[in-house]
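Each value in this text was obtained by applying a stated rule to the coordinates, not by laboratory testing. Just so it is clear, the structure is predicted and the values come from calculations on it, not from any experiment.
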Amino acid sequence: MAPSWSDIAARKRKSTLDRIPKDWLLPKDKLPDESERNVLHIPKTSDILSDKEVTITETSMADALQHLRSGKWTSKEVTEAICKRAAIAHQLTNCLAEIFFDEALARAKELDEYLETHGKPIGPVEPFTPDVLSDGSYMVCLYLSKIFSTSRDMIPHWGSLCGPILHTPRNRY
């Protein structure tokens, strides 16, 4: 008998969660009660993000870009902070359609090397990426039989030209 849709969905949720590095997983004592609706404080109190990473993820994009261009922050630092915060959010809300943390950190390293070599960023918004909804990933297939298909070949190639890093397409809802 073919697996049910709920079995396939559970397997996909597990495979997505398995892509989160172990040291980014929320300890059981940091997980909120199911009745708790406001979880905005958890990234700060989780002990996963450093004080600097909290600052990075709570800084406006315009200010963060200035810090990146000045060398105060590296693309790797910013990307890792964003990925950690996304990992925390996903554990609390199941908000990510895919996780590309390894690819994002590798791209951040390339961007840091480019900045060091050329003295300027590749593009105007590096390392930030436009919000990518599940439209850019496997979700457009609409069939559960395609849920484990890789979506990396569906990612637009323009990103490599202008600098942004794709780290986590999110679910629409």
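For TRP73, enumerate residues with amide H under 5 Å from its amide H, sequence gap 5+ or separate chain, H modeled in the peptide plane.
Amide H neighbours of TRP73, under 5 Å, 5+ apart: LEU68.
Sequence-distant or interchain residues sharing an amide H contact under 5 Å with LEU96, placed H: which?
Sorted by chain and number, the residues that satisfy this are ASN171.
With θ set to phi - 60° and the Karplus curve 6.51 cos²θ - 1.76 cosθ + 1.60, what are the ³J(HN,Hα) couplings of region 20-34 in order, to the nearest whole Hz, using x for Gly and Pro?
Coupling constants for region 20-34: 7, x, 4, 6, 9, 7, 5, x, 4, 6, 9, 6, x, 4, 4 Hz.
Which pairs break 28 Å Cα to Cα here: LYS30/LYS52; LYS12/LYS120; LYS44/LYS120?
Details: LYS30/LYS52 20 Å; LYS12/LYS120 40 Å; LYS44/LYS120 32 Å.
Flagged as over cut-off: LYS12/LYS120; LYS44/LYS120.
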